[in-house]
Amino acid sequence: MNLVVVENIYLLVIVTLISVLQNAFFALKVEKECKTQNVNAAAFERVSCANRNCMDAYPTFLAVMWCAGLCLSQAPAAFAGIIYLVVRQKYFVGYMGQTSQSTPGYLFGKRVLGFLSLMCIVGISSYLLVRFYGNGYKEYVETIANAASALLLIP
Amino acid sequence: MNLVVVENIYLLVIVTLISVLQNAFFALKVEKECKTQNVNAAAFERVSCANRNCMDAYPTFLAVMWCAGLCLSQAPAAFAGIIYLVVRQKYFVGYMGQTSQSTPGYLFGKRVLGFLSLMCIVGISSYLLVRFYGNGYKEYVETIANAASALLLIP
Amino acid sequence: MNLVVVENIYLLVIVTLISVLQNAFFALKVEKECKTQNVNAAAFERVSCANRNCMDAYPTFLAVMWCAGLCLSQAPAAFAGIIYLVVRQKYFVGYMGQTSQSTPGYLFGKRVLGFLSLMCIVGISSYLLVRFYGNGYKEYVETIANAASALLLIP
């Protein structure tokens, strides 16, 4: 693939790669608990459940991040992806702890996924508006998206 | 990303976005049942199982739809994607009902996925034929795909 | 989509299509065992578990393969994808057998996924180096990747 394409997606690829490494980390945790299953069945159950919840949401996350990155702008999408990975790490670690103390629900990272979906919608709307009405405010929308992605840092 | 790329994928992005919203709807259903798990364990089991079956097939659906859209033509691929989402909604709702009455199997949307796979194969074959024998019937194949996608409406 | 894009991804699409067919094969196995669940619950449990482990790793595999194919070169990525599918087939068949005899773990295809991740990293590094220092060794890296993918055949 020529360099023009890579230039537009390389940040997304880096985030995808980090998420793959995180998946491998989760899988290794499950593998490790799986071998000591006889000793501690409850811990295996918790790790396996946390891994499954993370894996259930993974294709959704990838699809939304790539769509947002392709349709609008890759920098805020990749930044939101990093935030999502941090949230997921905290969720997984929290799940492995005592379930009585910390009780994370089934869902996590709702705000990040919502932001990425919003980016998709804005990108598509922007494209349709440009197509039917002419351009001129594409850069304006991208600037707003860059600024809004910083708001995700607010806990 | 420039507008040329978005022009060729925006219908696929819209379908992907709708599927993400549907995933969020499923996940919220599971979350809701998870909190009332003590009251009604059977209902939680059913919702969780329906969600897992849907999530198992989700990456396959996304991969086939995007490949079909990129290789051949995006309009019939996006249309088939919409049909698939409707089938999935019906499957999920049917699963949540009484299992004795409605017994949906493990698989669903076989016909739609088969159609999308066929589109991929046709697209790749078409590309290889064009590459080795010269072009001229690309528009012909796209017209047939557009017409064939309407056949999915037949129940 | 025009032919220029298809030319750069058609091998990846073919591998994706084969993986979808394999997924369908796995799902049909589960469906079949699901119907005879009352007779042989242990077999259903095994097939279902094998299918779930395969499906858990599927989005990761797709993401890594496409990133590697887009960032560096599609031929070695598609080849590694084929190797991964063979490994997965062996894993699934081995899981269905007597668990006492063959005890495949939770993970499989680690080496292939590691190779694909390495390809991603090399591709991104290569892009960044080209961007900041000028080009000239892109073909060199691609040749090495093609040669290295043959090493995956060593068991």
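Values quoted throughout were computed directly from the atomic coordinates according to the rules given, and no laboratory measurement underlies them. Source: prediction; values computed, not measured. So basically every Cβ, Gly included, is an ideal-geometry build from the backbone, and we count neighbours across all protein chains shown.
Quick rundown of the values:
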read-out: Table column - 3J(HN,Hα) (Hz), the stretch A:16-33, Karplus curve with 6.51, -1.76, 1.60, x for Gly and Pro; value: 4, 5, 4, 5, 5, 4, 5, 4, 4, 4, 4, 5, 5, 4, 5, 4, 5, 5
read-out: Label distances, nm, residue C:43 versus same residue in remaining copies, Cβ-directed 7 Å point; value: 3.6, 3.7
read-out: For the axis carrying chain A to chain C: nearest C-beta residue of A, whole Å; value: A:59, 3
read-out: Local net charge near residue B:74, Cβ-Cβ under 11 Å (Lys/Arg +1, Asp/Glu -1); value: -2
read-out: 7 Å along Cα→Cβ, label-point gaps from residue B:75 to other copies, nm, shortest first; value: 3.8, 3.8
read-out: Projected label distance in nm at residue C:131 and residue B:125, using a 7 Å step from Cα toward the beta-carbon; value: 4.1
read-out: Cα-based reach from residue B:35 at 15 Å (exclusive), listing aspartates and glutamates while leaving out same-chain residues under 8 positions away; value: B:45
